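Working notes for the structure below.
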Ligand code: UT7
């Protein structure tokens, strides 16, 4: 497929991006490398300079039928509805039925997103599934979803693993693919059966997570290179592997030959979360030249209502502009942002032309933020 701006962007990418990338590797004489954001001239052309934008053409979501309340959990582990509500904001979470896999949740969410976009499976060029709980080690869950939906053979399909930041990572990758002219219509799905990684005897983690899936259809459309454009205006994805032990699974195919269980030092993760999230959000707003007052709706990863309150306060975002689904969904990892986004669209809290700010932070550590106009 050849898109109108492809040749022009390829030339720009080759001349600028690769020069920047070479300069940024600079570990000279074995000195420790300190990464700093590079100027992103290639993604911010001057106003009026036409460019491809990745526009959200439709959203969809799916939650498994079974609901587990805080009281249900208090019957199996030493906890209480009061502790869970006041420390996290969670009241209940959904749990996938036996035999219901991540690909099943992802397929349902994707079908709803395609319908909302007015597109058919045959229009999709790429399927990206952000997940930490794939059906199998391989094939990719995205390939199973491709077959389930009837997305044509030859389309791109792969999984992306950045834990709770998976949807933000997926958005940066999908946006890059679209702007490079590689694909036109991308189905980006965040889907998890995270309850399958939980140690139900560990009260510090088993009360936090839930299952679900959310999806968006991203479509390449020509914009004017200004903040008034619809689509992804800026997205950043970051990681710092030095903190990997603070949130991890104690098993994996190569290390143990098992799946493992989720382990977290919650207080430490919490401490890092507010700082990292705020940093990424400030970065995307600064890159796009907008302030917190310009944001119509803040659609964050739903990890803890106290993290979201603190982040919104730090950035000066009014409480009524924060989309909260944590009470009903719990923390659904990579699915939480697209689930919240779909809820916002279907409840009429976000509509065409609105400026949205997304953020996430998770295991790795990974974190990131995205600014987009619906
Ligand atoms: O999505 C990926 C990113 N994840 C996050 O951002 C999660 C970040 N962390 C958090 O959200 C919070 O740290 C938690 C919700 C996980 C924990 O809240 P906290 O206020 O940091 O509690 P804590 O870990 O400091 O524990 C406080 C107390 C402890 O008891 P003692 O030592 O003070 O007697 C825990 O044993 O609460 C106890 N506790 C519980 N009590 C009742 C821990 N879990 C529970 C529980 N029920 N489920």
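Write out, first by first residue and then by second, each pair whose Cβ atoms fall under 6 Å of each other, whose residues are 6+ apart or on separate chains, and whose first residue, in region 290-318, is at positive phi while the second is part of a helix (DSSP H, G or I) and away from the ligand (no atom under 11 Å from the Cβ).
316/292
Identify, from the list 72, 49, the residue that is within 14 Å of the ligand (Cβ to nearest atom) and out of contact with any helix residue (DSSP H, G or I) (no Cβ under 8 Å at 6 or more places or on another chain).
Every option except 72 fails the conditions.
So which of 123, 159 ends up being closer than 21 Å to residue 99 by Cβ, outside the structural domain of residue 262 (by TED's automatic domain parsing) and away from the ligand (no atom under 14 Å from the Cβ)?
Only one candidate qualifies: 159.
I'm told residue 89 meets every condition in (1) out of contact with any helix residue (DSSP H, G or I) (no Cβ under 9 Å at 6 or more places or on another chain); (2) within 16 Å of the ligand (Cβ to nearest atom); (3) at positive phi except one. Can you identify the failing condition by its number?
Every condition holds for residue 89 apart from (1).
Could you list, in sequence order, the residues of region 75-86 that are more than 8 Å from the ligand (Cβ to nearest atom) and over 19 Å from residue 308 (Cβ atoms)?
Those that are more than 8 Å from the ligand (Cβ to nearest atom) and over 19 Å from residue 308 (Cβ atoms): 75, 76, 81, 82.
Residues are listed down the side, and each one gets a yes or a no for (1) within 14 Å of the ligand (Cβ to nearest atom); (2) crowded, with 22+ Cβ neighbours inside 10 Å:
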position	(1), (2)
262	yes, yes
266	yes, no
302	yes, yes
315	no, no
322	no, no
353	no, no
360	yes, yes
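What residue, among those in region 271-300 that are within 11 Å of the ligand (Cβ to nearest atom) and buried (at least 16 other Cβ atoms within 10 Å of the Cβ), is farthest from residue 322 (Cα to Cα)?
272
Quick test for you: out of 36, 40, 8, 16, pick the one residue that is outside the structural domain of residue 200 (by TED's automatic domain parsing), modelled with pLDDT of 50 or more and over 18 Å from residue 206 (Cβ atoms).
None of the others qualify; the one that does is 36.
The values are calculated or read from the model by the stated rules, or taken from the named source; none is laboratory data. Everything numeric here is computed off the predicted structure, so don't read it as measured data. Here Cβ is always computed from backbone atoms with ideal geometry, including for glycine, and neighbour counts include all displayed protein chains.
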